[in-house]
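The values are calculated or read from the model by the stated rules, or taken from the named source; none is laboratory data. Because the structure is predicted, anything quoted here is derived from the model rather than measured. We place every Cβ from the backbone using ideal geometry, glycine too, and count neighbours over all the protein chains shown.
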Amino acid sequence: MITTVGVLGAGQMGNGIAHVFAQYGYQVVLFDIAQAQLEKALKAIGQNLERQAKKGAIPEALVGETLGRIRITQDMNDLADVDFAVEAVTEHEPLKLEIFRKLDSIVKEGAILASNTSSIPITKIASVTGRPDKVIGMHFMNPVPIMKLVEVIRGHATSDDTFALTGALVAQLEKEMAVSQDYPGFIVNRVLIPMINEAVFALYEGIATAEDIDKGMKLGTNQPMGPLTLADFIGLDTVLAIANVLYDGFKDPKYRPCPLLVKMVNAGYMGRKSGRGFYTY
């Protein structure tokens, strides 16, 4: 039975994952190497819960209860007794592999280790642990408290029990599961990132302005936001990292990242989080 969940990484995704698990009654241990990031995460979770309460989505009493179920730590050893761990650090393969090696040596035997990776192969992540049957992909969408989808990815060795337990957790969080095979980009990013990349190529080739590309896709295909606005929201560095995973994984030129995207990331234009991307914030 899963009662305690560890979350590694207190950034935008990590704090959202901690938020939903705590909201649905799980004890959460939230780990990050930076104390300032942990404090920022708790503040963001509190603000998001208050927003939910004001809209009537949750009772006011749940705000304090949820926050009371989250314990923050800078010591990974504090995750030793969790029943389920979700890694949500930067989309950087060497870092994820290093974390899973360490996590595997710390977390109790039998606990499931999940990755919120949006593109890195689960089979590869599982291979650095001594429990590949207990490793699975659990890719939440941003913003986690609002978005209903969780992509679940089985690695080559993921057991039926691990898959069933993860599926049950998704249902407990009142979210919907989409199951993907373990190939680069899984489902969502396999389709989304080439679309964003093509929008960047349209801008790069002077086909239209960023505003008109976004207007065309928003009003012409009924998307809630245009692809370049969405890229800024995701973070251009993250978009580029996933594009590179697709390009390296399939060795197919159709996934080649647009030179403009590469140049913007090199210039430090990361989108909303840096104040400058395809738009200025």
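Quick look at the numbers
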quantity: Residues being β-branched (Val, Ile, Thr), within 22 Å of residue 48 (Cα to Cα) and modelled with pLDDT under 95 - total across the stretch 117-145; calculated: 0
quantity: Criterion (closer than 29 Å to residue 95 by Cα and crowded, with 19+ Cβ neighbours inside 10 Å) met by exactly one of 149, 169, 192; calculated: 169
quantity: Subset tally (residues that are part of a helix (DSSP H, G or I), free of Cβ contacts under 8 Å to residues at least 24 places away in the same chain and among the hydroxyl-bearing types (Ser, Thr, Tyr)) for the stretch 250-281; calculated: 1
quantity: The one condition in (1) among the aliphatic types (A, V, I, L, M); (2) over 13 Å from residue 278 (Cβ atoms); (3) outside any helix (DSSP H, G or I) that residue 245 fails to fulfil; calculated: (3)
quantity: Sole residue being of a type in the set (D, E, K, R) and either farther than 23 Å from residue 150 by Cβ or part of a loop (DSSP other than H, G, I, E, B) (or both), chosen from 43, 124, 96; calculated: 43
quantity: Filter result for residue 201 (in the same structural domain as residue 267 (by TED's automatic domain parsing), hydrophobic (A, V, I, L, M, F, W, C) and at pLDDT below 95); calculated: no
quantity: Options 30, 67, 97, 62: the member that is hydrophobic (A, V, I, L, M, F, W, C) and surrounded by 19 or more Cβ atoms within 10 Å (Cβ to Cβ); calculated: 30
quantity: Residue match in the stretch 79-86 (condition: under 21 Å from residue 149 (Cβ atoms), surrounded by fewer than 18 Cβ atoms within 10 Å (Cβ to Cβ) and not aliphatic (A, V, I, L, M)); calculated: no
quantity: Flag if residue 160 is assigned by TED's automatic domain parsing to the domain that holds residue 239 and without any contact (Cβ under 8 Å) to a residue 40 or more places away in the chain; calculated: no
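For every residue, the table says whether it meets (1) exposed (fewer than 14 other Cβ atoms within 10 Å of the Cβ); (2) under 30 Å from residue 46 (Cα atoms).
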{"site": "161", "(1), (2)": "yes, no"}
{"site": "207", "(1), (2)": "yes, no"}
{"site": "217", "(1), (2)": "no, no"}
{"site": "238", "(1), (2)": "no, yes"}
